[in-house]
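Peer 1: Sharing a structure below in structure tokens format, with a few things to ask.
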Amino acid sequence: MLFNSFEFLVFFVVVTVLYYLLPHRYRWLLLLLASCGFYMAFIPVYILILLLTIGIDYVAGIQIEQAAGRRRKQFLVLSLVANLGVLAFFKYYNFFTDNINALLDGLHVVRYELPYLYIILPIGLSFHTFQAMSYTIEVYRGNYPAERHLGIYALYVMFYPQLVAGPIERPQNVLPQFHEEKHFNFDQVVIGLQRMLWGLFKKVVIGDVLAEYVNSVYNNYEMHSSLSLWLATYAFAGQIYCDFSGYSDMALGSAQVMGFKLMENFRMPYFAKSVTEFWRRWHMSLSTWLRDYLYVSLGGSRLGQLLTYRNLLLTMLLGGLWHGASWNFVIWGGLNGLYLSTEKLLGVQVDRPMSWAGRVGRVALTFHLICLTWVFFRATTLEQALYITRHLIEPVREVALTTDWGMVATFGVRVGLLLLVEFAWLRRHRFQELSPAYGWGRPLAVALTLTLLILTFGVATGDQFIYFQF
Amino acid sequence: MKKFGFFFLLFSTLLLALDQGGAWVLDRLHERVVLGQRDGLLITYLRLPDLPQLVVLGNSRTAVNVCPDSLPGAFSLAHNGTTQVFQTGLLSVLHQQQRLPPAILLHIDLDEYIRPTRAEDIHLLKYYYGQAPLVTAYSREASWLEPLKQCFGLYRHNGRIPGLLRNWYMQRRHPDQPLNQGYEPSVPAAADSLRTAYSLAKLNAESGQLNRGHLRYLQDFVQLCQQQNVRLICFTNSYYQQPHHVAAAGRLVDSLLQRAQVPYLNYASQPIAELSHNIGYWRDATHLNTRGIPLNSQVLARQVSDLLPPTGLRAEIPTLDDIAKP
């Protein structure tokens, strides 16, 4: 069930109405059943794997809290192995098999091929695995007590708004909210609904339209000019932002309608003046997860300059691998790690006062550096990514397809509209200001405009969200 | 809760008013615009004073490769990027509007039979949802919530407003322009041969595993033609060079058409030799340029004429302005 489908709209309305009709003590059960239903709409049998890891983590959390000394660590390791084991099996088995087979073949040592697995990746696996891991790590660190209510803990992992593509939550933020009794709050419901509409607008009116151009160029990349490759890469930068931040807005909005506050995931990342700042604004729930549980665990910046660079690089490489089991994602992460290390080495500061031209230049430079990494993210093979990267700089000699200016104009208008809204309004204001408490005119106008634009300009048969595959 | 109820009621009322108002304006515009492949061509056809003897249906391999002027009394309703579900839906629209021609020449793209079924193509005809029975039925199959979506008048115009406005503007600017009758020829260009070689390699790289999904729509098409006594001829255009999947897909289609006793001119299996040996005739592996189109159209016209009863002279082609007049 996709967020950008009418099926989800019906599901959401039914669950929300039932949620407010039921007494507080039964609400967790409703949300858990709804979340199970939501998850099972993809591949039903995979819920068994999820329930197994939930069971292990639940027991591990309590044991970690009760035990002392080495035993605590043993339960933490058990939880991590269970979570990472599932992730490794489903997501990385074929990747490693592929590489080992290539290595054995290259070395001509033995004539043997490891078998491949023909299975579909459980949806949102990387997201809920990391969320589950953050729970046991926080309990181990003593930052949060173990959850005694199995149903509430299961809901923490499975809460449907953020089950398949985040934000990757922390127990401190979400678990107490499941215990609190929520009352219907008119302002919050209206704000949440508007946020959902804004997210849907970004996905179906902008992201999916950009996707059409990106696909037309990337699927026939060898036939296009360098200009088309650049335009498609810019379009992909817009597509992935609208797709993922659109999803996040819908997740936050749908949770807010029921009174839950999830963590923010995006803060206008393409207005960042450095790559370091970009990562403070892009997929914030993952970047802070990597910082808190990986970078800091590796020693962070406490062990001297050289080790700091190593830690940054390693963190981003693993962050890349988290996205997908392919060398493209490893390189994507590696490039980001390299940017971050270089900025640290050069002592790049973005907080100091800067001229208007300086700011624009920095934003443009950062955007282009990020665009180069998106090539590896979007390309389906390493060969394709390398070809496109090379021809972004070196002109293509034989061009078979001309740039489709009609499509470029279509996406240009939509991206322009997005930039206008983000730069002129969202940069200075917050969704809270669309509360009906300040008068009904503004929220009504926003909701009507977005609904009408979605109805008339939205891609009705759009694809699923890009991040669902991770 | 009460406050939210009021807010929601106000929102719904305003939305309904704006939606219906907007849809009314767009519906009027839709009826006036006779330019453009997606709707204009169909409206043009529906308003033609005399029904053509033959209607050509298909995707871009028809719009680009077949010149309707080569065929006796023909009008092309070919639409780029569509599959069989669209053609069957379109036939249902013609039936519902009581504008079925005496004969139909349907292009069957064999590539469809090795690719996933694209049932969502029916949404290109969503304007006729609730009117044409097969459009309604297929749309409901594609999404069970289609009836709910169709409650919004603006949804009928989803994704087509910029095109509609552009066509309306062009039509006002050039009212004397003759109708192109669904023919979109492509002039030869320097990159044609490179594109042809590249696209042929891409075609051959496809899995080639047969998908029978589209057969069902073809079957419905044949059935409706038979019920309405419409003479149906099917054909498949040549490829520059035959991709590996063509033979199997051709046999699959042929078996259905043979059973229904529908003549099938399969130039993919029995290609026009001159086209297959000359890359200069091609824009890419499946589309001809204006060097190759006359040859392809002439061969097709000769064979189709043999299968059709003799017809009189075709009516004079009207201009855009003639058709757009209420």
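Peer 1: Using the alpha-carbon atoms, what tilt in degrees (0 to 90, nearest 10) does helix B:133-142 show relative to the longest principal axis of chain B?
Peer 2: Helix B:133-142 and the main axis of chain B meet at about 80 degrees.
Peer 1: Could you pull out every residue, at least 5 positions away or on a different chain, whose amide H is within less than 5 Å of the one on B:Ser76? Hs are placed 1.01 Å off N in the peptide plane, and Pro or chain starts have none.
Peer 2: B:Val56
Peer 1: May I pose another question? What net charge do the residues around A:Leu317 carry, taking every other residue with its C-beta under 15 Å from that of A:Leu317, with Lys and Arg at +1 and Asp and Glu at -1?
Peer 2: So the surrounding residues net to +2.
Peer 1: Also, I was wondering about something else. Give me a single rounded figure for B:138-145: the average over its residues of other chain Cβ atoms within 10 Å of their Cβ.
Peer 2: The shielding value for this peptide is 2.
Peer 1: Counting helices only, and only those DSSP H runs with n ≥ 4, report the 222 nm mean residue ellipticity of the protein assembly as shown as the sum of -39,500 (n - 2.57) divided by its residues, in deg cm²/dmol to the nearest 500.
Peer 2: Taking each H run of at least 4 residues, the total per residue is -18500 deg cm²/dmol.
Peer 1: Could you pull out which residues in the stretch B:70-93 have an amide N less than 20 Å from a spot 7 Å beyond the Cα of B:Met170, following the Cα-Cβ vector?
Peer 2: Once the point is set 7 Å along Cα→Cβ of B:Met170, B:75-82 turn out to lie under 20 Å by backbone N, inside the stretch B:70-93.
Peer 1: Let me ask you something else. Using a 10 Å cut-off on Cβ to Cβ distances, tally the other chain neighbours for every residue of A:445-457 and report the average as a whole number.
Peer 2: Taking the mean over all residues of the peptide, I get 5.
Peer 1: Same structure, new question: For the protein assembly as shown, what value does the Rg/Rh ratio take when both radii are computed over Cα atoms and Rh is the Kirkwood radius, given to two decimals?
Peer 2: Rg divided by Rh gives 1.00.
Peer 1: Next up: What number, in percent, do you get for the relative contact order of the stretch A:6-181 if the mean sequence gap of Cα pairs under 8 Å and at least 6 apart is divided by its residue count?
Peer 2: Relative contact order here is 30 percent.
Peer 1: Counting Lys and Arg as +1 and Asp and Glu as -1, what is the net charge of the other residues whose Cβ lies under 13 Å from the Cβ of A:Gly299?
Peer 2: +3
Peer 1: At most 15 other C-beta atoms within 10 Å and a DSSP loop state: those are the exposed trypsin sites (Lys or Arg not before Pro) I care about. Give me the longest piece of chain A that has none.
Peer 2: Counting only loop sites that pass the neighbour cut-off, the longest clear stretch is A:1-110.
Peer 1: Computing the accessible area with a 1.4 Å probe over protein heavy atoms, can you report the carbon and sulfur percentage for chain B?
Peer 2: Of all accessible area on chain B, carbon and sulfur atoms account for 55 percent.
Peer 1: To continue, here is another question. Just report the Cα centroid separation between the stretch A:120-167 and the stretch A:442-461, whole Å.
Peer 2: About 33 Å separates the Cα centre of the stretch A:120-167 from the one of the stretch A:442-461.
Peer 1: Could you please put B:Thr44, A:Thr381 in sequence from largest to smallest accessible area, using a 1.4 Å probe?
Peer 2: Reading off the accessible areas and sorting them downward yields A:Thr381, B:Thr44.
Peer 1: By how many degrees, between 0 and 90 and to the nearest 10, does the Cα long axis of helix B:84-96 differ from the longest principal axis of chain B?
Peer 2: Roughly 60 degrees between the two axes.
Peer 1: Before we go on, tell me the buried accessible area for the B/A pair, both chains summed, 1.4 Å probe, in Å² to the nearest 100.
Peer 2: 2900 Å²
Peer 1: Further question on the same structure: Distance from a point 7 Å along Cα→Cβ of B:Ala190 to each backbone N in the stretch A:400-416: keep the residues under 13 Å and list them by number.
Peer 2: A:400-402
Peer 1: Can you tell me the order of A:449-458, B:298-307 when each peptide is scored by its average per-residue count of other Cβ atoms within 10 angstrom, highest first?
Peer 2: A:449-458, B:298-307
Peer 1: Okay, moving on. Between A:Leu33 and A:Asn101, what length in nm is gained on full extension when 0.36 nm per residue of separation is reduced by their alpha carbon distance?
Peer 2: Here the answer is 20.2 nm.
Peer 1: Extending each Cα 7 Å along its Cβ direction at B:Ser305 and A:Asn173, get the distance between those two points in nm, one decimal.
Peer 2: The two pseudo-label positions are separated by 7.4 nm.
Peer 1: Another one. Between B:Ala260 and B:Gln298, take the C-beta separation as r, use R0 = 45 Å, and let me know the FRET efficiency to the nearest 0.05.
Peer 2: Between B:Ala260 and B:Gln298 the formula returns 0.95.
Peer 1: So for the pair A:Trp405, A:Tyr116, with labels modelled 7 Å out along Cα→Cβ, what separation do we get in nm?
Peer 2: For A:Trp405 paired with A:Tyr116, the spin-label model returns 4.4 nm.
Peer 1: Give, in nm to one decimal, the length gained when the segment between B:Ser207 and B:Asp27 is fully stretched (0.36 nm per residue of separation minus the Cα-Cα distance).
Peer 2: 60.5 nm is the gain from fully extending B:Ser207 to B:Asp27.
Peer 1: Let me ask something additional. With only alpha-carbon atoms counted, please give the Rg and Dmax of the stretch A:15-65, in Å.
Peer 2: 13.8, 38
Peer 1: A:Arg25 to A:Leu48: FRET efficiency via 1/(1 + (r/R0)^6), r the Cβ-Cβ distance, R0 25 Å, to the nearest 0.05?
Peer 2: 0.35
Peer 1: Still on this model: Based on the Cα atoms of the stretch A:356-447, what semi-axes does the equivalent ellipsoid have, where each is the square root of 5 times one gyration tensor eigenvalue, given in whole Å with the largest first?
Peer 2: One finds semi-axes of 38, 18, 14 Å for the stretch A:356-447.
Peer 1: What is the ratio of the Cα radius of gyration of the stretch A:187-343 to 2.2 N^0.38 Å, where N is its residue count, to two decimals?
Peer 2: 1.19
Peer 1: Now for a separate question. Packing-wise, with mean Cβ within 10 Å as the measure, how do A:324-333, A:29-38 rank, highest first?
Peer 2: Those peptides, ordered most packed to least, come out A:324-333, A:29-38.
Peer 1: Which percentage, to the nearest 5, of the DSSP beta bridges contained in the protein assembly as shown is antiparallel?
Peer 2: Here the share of antiparallel DSSP bridges comes out near 10 percent.
Peer 1: Also, I was wondering about something else. Can you say what percent of the DSSP beta bridges in chain B, counting only those with both residues inside, are antiparallel? Round to 5.
Peer 2: In chain B, approximately 10 percent of DSSP beta bridges are antiparallel ones.
Peer 1: Given a 1.4 angstrom probe, what's the average accessible area per residue across the stretch A:6-181, in square angstrom?
Peer 2: Computed with neighbouring chains in place, this is 47 Å² per residue.
Peer 1: To the nearest Å, what is the center-to-center distance of the stretch A:48-109 and the stretch A:331-358, using C-alpha atoms only?
Peer 2: For the stretch A:48-109 versus the stretch A:331-358, the Cα centre distance is 34 Å.
Peer 1: Please identify the longest segment of chain B free of exposed GluC sites (Glu not before Pro), where exposed means a DSSP state other than H, G, I, E or B and no more than 13 other Cβ atoms within 10 Å.
Peer 2: B:1-205
Peer 1: On to the next question. Taking each residue of A:15-23 in turn, how many C-beta atoms of other protein chains fall within 10 Å of its C-beta, and what is the average?
Peer 2: Mean shielding count: 0.
Peer 1: Enter the angle in degrees (range 0 to 90, nearest 10) between the Cα long axis of helix B:2-32 and the first principal axis of the Cα atoms of chain B, meaning the one along which they spread out most.
Peer 2: Approximately 40 degrees, to the nearest 10.
Peer 1: While we're looking at this one, here's another question. For chain A, calculate the relative contact order in percent as a whole number, restricting contacts to Cα pairs under 8 Å that are 6 or more residues apart.
Peer 2: Reported relative contact order: 19 percent.
Peer 1: Over chain B, what is the relative contact order in whole percent, taking alpha-carbon pairs under 8 Å and six or more residues apart?
Peer 2: 26 percent
Peer 1: Then there's this: Taking the highest mean first, how do the peptides B:210-222, A:401-413 order by number of other beta carbon atoms within 10 angstrom per residue?
Peer 2: So the peptides B:210-222, A:401-413, ranked by packing, come out B:210-222, A:401-413.
Peer 1: Let me ask another. I'd like the distance separating the alpha-carbon centroids of the stretch A:373-435 and the stretch B:241-307, in whole Å.
Peer 2: 39 Å
Peer 1: Could you tell me what fraction of 2.2 N^0.38 Å the Cα radius of gyration of chain B comes to, as a two-decimal ratio?
Peer 2: 1.07
Peer 1: Hey, got the Cα dimensions of chain A along the principal axes, in Å, largest first?
Peer 2: Ordered largest first, chain A gives principal extents of 70, 67, 48 Å.
Peer 1: Could you work out the pair-distance distribution P(r) of the stretch A:6-181 from its alpha-carbon pairs, with 10 angstrom bin width and percents rounded to whole numbers?
Peer 2: Per 10 Å bin, starting at 0, the Cα pair percentages come out as 9, 32, 29, 18, 8, 3, 1.
Peer 1: Only loop residues by DSSP count here, and only those with at most 13 other Cβ atoms within 10 Å; note down the GluC sites (Glu not before Pro) in the stretch A:360-423 that meet that.
Peer 2: Counting only loop positions with at most 13 other Cβ atoms within 10 Å, the GluC sites (Glu not before Pro) in the stretch A:360-423 are A:Glu398.
Peer 1: Along Cα→Cβ, 7 Å out, is where each label goes; now give me the distance between the ones at A:Trp356 and B:Lys2 in nm to one decimal.
Peer 2: 5.2 nm
Peer 1: In addition: List the DSSP H helices in chain A whose Cα atoms stretch 18 Å or more along the helix axis and whose mean Kyte-Doolittle hydropathy is at least 1.6.
Peer 2: Once both thresholds are applied, what remains is A:6-21, A:405-421, A:441-457.
The values are calculated or read from the model by the stated rules, or taken from the named source; none is laboratory data. The model shown is predicted, which means the values in this text are computed figures rather than measured ones. Quick reminder, even Gly has a Cβ in these numbers, built from the backbone with ideal geometry, and neighbours come from all protein chains shown. Note: accessible area is taken over every heavy atom of the protein model, side chains too, but ligands, DNA and RNA are not part of it. Shrake-Rupley method; radii C 1.70, N 1.55, O 1.52, S 1.80 Å.
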